[in-house]
Amino acid sequence: MQVKLSMHDLSKYVIILTGATDGLGKEMAKILTGFNPKRLILPIRNKEKGDDLIEYIKSSDGVINNVEIWEMDLEDLQSVKNFANKFINEVGELHLLFNNAGIWNNNRIIKTKDNLESQFQVNHLAPFLLTLLLLDTMKKSVSAELPGKIAFTTSKAYKLGEIDFDNLNLEKGAYWNPLKAYGNTKLMNVIVSRELGRIIQNENIKTYAAHPGTSLTNIGYASGIFMRLLMLNTTKTIGNTAEQGAINILHPVLSSENKESGKYYNQGIEEEPNKIAKDQELAKKLWDVSEKILKDHGMI
């Protein structure tokens, strides 16, 4: 069953959406512009792709008056911190944060400027940093009448993941299973969403981890037929359009029915996560280890 997205009035909402230049994020950006957001800020690392995104929204009859393209590179933690500082100083209010950007590396280890494995940084650590840096701003911006939402785009591949605190950079054993390495970071998304929801349960903020379903977007094509076949095998389905995948992420976040925080959604429908994703001791350790790495890099 495919979920549908009703119209929403987001005229009071300031929104940040990462990963908006391709695939699901591109469709999410287009849909959100149709809901008249107060401000929709799209962090990108490639200005040319940012320009193409604006043209895509315009060609789809989208309104771009409240859309802003800002610079940020998730493979550079300082760039994330610079973005957050600029946002706090120049905008100062936030209601919806979509940590949507993600990458897949096929059979090889790629290091970032921060000397961290790129999937670990882009899919987990950088959005974790962005969320931490902007959390106080969101707390000050929201209310019971105007609640805040923080969403992490995850994947059903999280079920193949594990958290090896001695091998977060995958330097031991490397990529014997690329999907599992990707799944590790998607498991981190589910865990962080749940742990963050627990930590801020008394605030007017809800957290979500959403699997959009299989959509053969650039993340799949960039990795060749092996990745595409694995994605299809993982979800047991031929897949969704990018637009439906975008709807599957947006639906649980924008719906007024989802009152509980930290829930996992499979193609827009709430689903109980597996045992490891609900391990409270593991969640606390992942949170603490992630904070320590960021402190060691001078980010928090």
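Go through segment 146-170 residue by residue and tally those that are of a type in the set (S, T, N, Q), at pLDDT 90 or above and touching a helix residue (DSSP H, G or I) at 6+ places or on another chain (Cβ under 8 Å).
Final tally of qualifying residues: 3.
What about Leu179, is it on the phi > 0 side of the Ramachandran plot, out of contact with any His (no Cβ under 6 Å at 6 or more places or on another chain) and aliphatic (A, V, I, L, M)?
In short, no.
Residue-wise test of (1) crowded, with 16+ Cβ neighbours inside 10 Å; (2) more than 18 Å from Phe83 (Cβ to Cβ); (3) not aromatic (Phe, Trp, Tyr).
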site: Phe120; (1), (2), (3): yes, yes, no
site: Asn123; (1), (2), (3): yes, no, yes
site: Leu133; (1), (2), (3): yes, no, yes
site: Ser155; (1), (2), (3): yes, yes, yes
site: Leu160; (1), (2), (3): yes, yes, yes
site: Asp164; (1), (2), (3): no, yes, yes
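What number of residues within segment 72-109 satisfy the criterion of being under 12 Å from Pro127 (Cα atoms), over 16 Å from the mean Cα position of the chain (by Cα) and β-branched (Val, Ile, Thr)?
Total meeting the criteria: 0.
Among what's in segment 49-72 and is assigned to a helix (DSSP H, G or I) and of a type in the set (Gly, Ala, Ser), pick the residue that is nearest to Arg39 (Cα to Cα).
Gly50
What's the total number of residues in segment 116-153 that are touching a residue at least 24 places away in the same chain (Cβ under 8 Å) and in a helix (DSSP H, G or I)?
The total comes to 23.
Considering only residues of segment 238-279 that are in a helix (DSSP H, G or I) and not hydrophobic (A, V, I, L, M, F, W, C), which is surrounded by the most Cβ atoms within 10 Å (Cβ to Cβ)?
The residue in question is Gly245.
Would you confirm whether any residue within segment 171-188 is in a loop (DSSP other than H, G, I, E, B), in contact (Cβ under 8 Å) with a residue 60 or more places away in the chain, in contact with a helix residue (DSSP H, G or I) (Cβ under 7 Å, 6 or more places away or on another chain) and farther than 17 Å from Phe98 by Cα?
Yes, that holds for at least one residue.
Right, Trp70: among the aromatic types (Phe, Trp, Tyr) and at pLDDT below 95 or not?
So Trp70 fails the test.
Going through segment 73-100 one residue at a time, which ones are among the β-branched types (Val, Ile, Thr), in contact with a helix residue (DSSP H, G or I) (Cβ under 7 Å, 6 or more places away or on another chain) and either surrounded by 21 or more Cβ atoms within 10 Å (Cβ to Cβ) or not in a helix (DSSP H, G or I) (or both)?
Val80
For segment 45-56, give me each residue that is touching a helix residue (DSSP H, G or I) at 6+ places or on another chain (Cβ under 7 Å) and either of a type in the set (S, T, N, Q) or buried (at least 22 other Cβ atoms within 10 Å of the Cβ) (or both).
Leu53
Within segment 10-48, which residues are assigned to a loop (DSSP other than H, G, I, E, B) and in contact with a Phe, Trp or Tyr (Cβ under 7 Å, 6 or more places away or on another chain)?
Selection gives Leu10, Thr18, Pro37, Lys38.
The values are calculated or read from the model by the stated rules, or taken from the named source; none is laboratory data. Just so it is clear, the model here is predicted, and its values are computed rather than measured. Neighbour counts run over all protein chains shown; Cβ positions are idealised from the backbone, glycine included.
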